[in-house]
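Here's the structure we're looking at; comments come further down.
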Amino acid sequence: MKIKDFGVEKWMNKYENDAKYNIAETCVASMTINELLELANMKEEAFNVIGNMKMTYGAIEGSDEFRNELRKLFSRDLTNDNITLTHGATGANHLVYETLIEEGDHVIVFVPTYQQHYSIPEALRANVELLELDYKNNYLPDLNKLKKMITKDTKVIALNNPNNPTGALIDDDSLKEIIALAKEVDAYVVCDEVYRGLHHERSFTPSVIDLYDKAISTGSLSKVFSLAGLRLGWIVGPQDFIERVNTHRDYNTISCGLIDDYLGTIALKNKDKILKRNLNIVSTNVKILDEWVQNTKGISYAMPVAGTTAFLKYDFDVKSAELCHNLMQETGVMLVPGSALDIEGYLRIGYANNTDVLSSGLRIFAEYLKKNYK
């Protein structure tokens, strides 16, 4: 299977380990294992359990305990047979499309988005149509355009909600309208919900799983739970679809790690404490970002309402990759160029890292802009 280079991941791999001020990071400031266990008040117990853990494959599709906790993130009555664990949300998304898509299938994808959602279907020779989210409409989908794109042959409508890179969130009524359109042609709705839980005012918003019986949700512990190092994600969907996924999964995953599953279960059991920590970071940092944007000439954006990222529009005569490369080389400040997401003239910023890192990075970036683009 031939597939395009993954723009964002190539960029992150090239620069993130050398960045002094990483304001491209998309996870809420990552926790240490000590922090997680102290928050859960079970440090001594957990290290004892892990120390005595026999390193078998464990529960192939994920432990019942983890999946029991995960079900609590949804309002619909689910069973563990609706869930399978994956190697992060990237593993989840890949398995979803590998299972669903066949050559010639009609797939509608809302963009900008995480590149997996269009590049994998394209590589599988699907007929992929892109519904562009407009800056002028705060990156919310034009449902009239969607109606015109949908045909009786549409198999999948793919979205990322909350959206990466824009921080937009499709409201409940619009989400229901999208699902109603999908129902008319019996299409699947695939929603990457890896940032769900980080609405800046009300935490968890409805999942597509709660609204539609042909919905598929992917997520992970990376962004909302600050535990990217566990590499633990999931797919939630119809039982018959999960059974098909697990057939593919046997070929590339077998199982996730026992330690990851154990620590992930602790995280889910303590989700309220983690969310309190993380929403405090996000709500503090988004105000810092907004003040910076309002006071920085040549930069504008649609203010994010959820997640950890924003898409900065700039008015300077320079390609985004050149701007980001030179900024990194000269100052150590890291951003992601819009070109890595197939959209020129923009920069993706991740604002949920350590608050001091964000503040310093924005200050240095502003000085760089004044020096080079008067």
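The values are calculated or read from the model by the stated rules, or taken from the named source; none is laboratory data. Fair warning: this is a prediction, and the values are worked out from it, not measured in the lab. Don't worry about glycine lacking a Cβ; one is built from the backbone with ideal geometry, like all the others, and counts go over all protein chains shown. With ligands, DNA and RNA removed, areas are computed over all heavy atoms of the protein, side chains included. Shrake-Rupley method; radii C 1.70, N 1.55, O 1.52, S 1.80 Å.
Points to keep in mind about this one:
- Restricting segment 204-232 to residues that are aliphatic (A, V, I, L, M), open to solvent by less than 30 Å² (accessible area, probe 1.4 Å) and in a loop (DSSP other than H, G, I, E, B), the residue that is farthest from Gly167 (Cα to Cα) is Leu232.
- Of the residues making up segment 287-326, those that are over 22 Å from Ala19 (Cα atoms), in a helix (DSSP H, G or I) and open to solvent by less than 50 Å² (accessible area, probe 1.4 Å) number 1.
- Unmet criterion (only one of (1) open to solvent by less than 10 Å² (accessible area, probe 1.4 Å); (2) without any contact (Cβ under 8 Å) to a residue 12 or more places away in the chain) for Asp192: (2)
- Between Asn52, Asn93, the distinction of being open to solvent by 40 Å² or more (accessible area, probe 1.4 Å) and not aromatic (Phe, Trp, Tyr) belongs to Asn52 only.
- Flag if Asn127 is open to solvent by 10 Å² or more (accessible area, probe 1.4 Å), out of contact with any Pro (no Cβ under 9 Å at 6 or more places or on another chain) and free of Cβ contacts under 8 Å to residues at least 60 places away in the same chain: no
- Selection status of Thr84, open to solvent by 10 Å² or more (accessible area, probe 1.4 Å), hydroxyl-bearing (Ser, Thr, Tyr) and in contact (Cβ under 8 Å) with a residue 12 or more places away in the chain: no
- Unmet requirement for Glu243, which otherwise passes all of (1) open to solvent by 10 Å² or more (accessible area, probe 1.4 Å); (2) modelled with pLDDT of 95 or more; (3) within 21 Å of the chain's Cα centre (by Cα): (3)
- Boolean, Ile364 is open to solvent by 10 Å² or more (accessible area, probe 1.4 Å) and either under 24 Å from Ala228 (Cα atoms) or assigned to a loop (DSSP other than H, G, I, E, B) (or both): no
- Looking only at residues in segment 327-340 that are in contact (Cβ under 8 Å) with a residue 24 or more places away in the chain and surrounded by fewer than 23 Cβ atoms within 10 Å (Cβ to Cβ), the one that is farthest from Thr166 (Cα to Cα) is Glu330.
- Every residue from segment 152-181 that is in contact with a strand residue (DSSP E or B) (Cβ under 6 Å, 6 or more places away or on another chain) and surrounded by fewer than 15 Cβ atoms within 10 Å (Cβ to Cβ): Asp153
- Pairs with Cβ under 6 Å, 6+ apart, first in segment 258-281 and within 17 Å of Ala306 (Cβ to Cβ), second buried (at least 21 other Cβ atoms within 10 Å of the Cβ): Ile274/Phe225; Asn278/Val28; Ile281/Val28; Ile281/Ala352
- Test set (1) open to solvent by 30 Å² or more (accessible area, probe 1.4 Å); (2) in a helix (DSSP H, G or I); (3) free of Cβ contacts under 8 Å to residues at least 40 places away in the same chain - Glu344 fails condition number: (2)
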